[in-house]
Amino acid sequence: MSLSQVRKSQKGSVLSRRQIEGLIAEGRKIIVVDGKVLKVDAWLRFHPGGDKAIMHMVGRDATDEVNALHSAGARQRMDLYQIGRIEGRWINFLPPIQGGKYRPLMENAEDEGSESDTEQESSSLENYGGLETPPVFVIRHPPRSLPSTWTISTQNRSYLV
Ligand code: HEM
């Protein structure tokens, strides 16, 4: 699928990881919820939870956050923003607001979509010590009085800092 086709993609079309990366590189605010690819640019400024909540989920699977924080009505509304779907499991990118870097797609590059998901040296896969989802807080330099390895628990997850 070429870049212009990716921009016009339909709800049912499968978008590759590379294509989604390209859209985010263009500044689109893309999140994944329940395998659906949502482009939420137009919704950001109306979001009752604020734009930052969503900006921190760009490039990530927000299914857990969406299910935990939203009414059935709000979840239904999300379908309005669907531009496609993914196949298989989603590996989170690091959101741009957290410093993630994304590679643009080239105009007229028909084969971009088939690019392997393993070609990610320059893109921004999250890396939180092997964890897929980032903790709410990462303390990189604990005060001297704390042990050098300090475990923080947030909800059901623990993080070594
Ligand atoms: C298209 C995507 C989204 C839509 C349409 C949407 C819509 C809404 C709506 C209507 C509410 C008000 C409560 C309700 O009716 O359930 C809400 C609240 C909230 N949303 Fe979203 N949301 C979206 C994505 C997200 C994402 C990705 C997050 C990530 C964390 C998020 C975080 C929150 C939070 C924290 C609140 C709570 C606000 C509060 O109770 O103070 N939302 N959202």
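Read-outs: derived from the displayed coordinates by stated rules, not from any lab. Keep in mind it's a predicted model, so treat the numbers as computed, not measured. FYI the Cβ positions are ideal-geometry reconstructions off the backbone, even for glycines, and counts take in every protein chain you see.
Of note:
- Going by neighbour counts of Cβ atoms within 10 Å, the residues Ser9, Ser71 line up, fewest first, as Ser71, Ser9.
- Centroid-to-centroid separation of the stretch 18-37 and the stretch 75-103 [C-alpha atoms, Å]: 4
- Gyration tensor verdict on the stretch 1-42 (Cα atoms; rounded if a/c is under 1.5, prolate if a/b is larger than b/c, oblate otherwise): rounded
- Remark: spin-label model distance Asp34-Leu69 equals 1.8 nm, labels positioned 7 Å along the Cα→Cβ axis.
- Cleavage-rule hits (trypsin sites (Lys or Arg not before Pro)) in the stretch 35-94: DSSP loop, at most 13 neighbouring Cβ within 10 angstrom: Arg89
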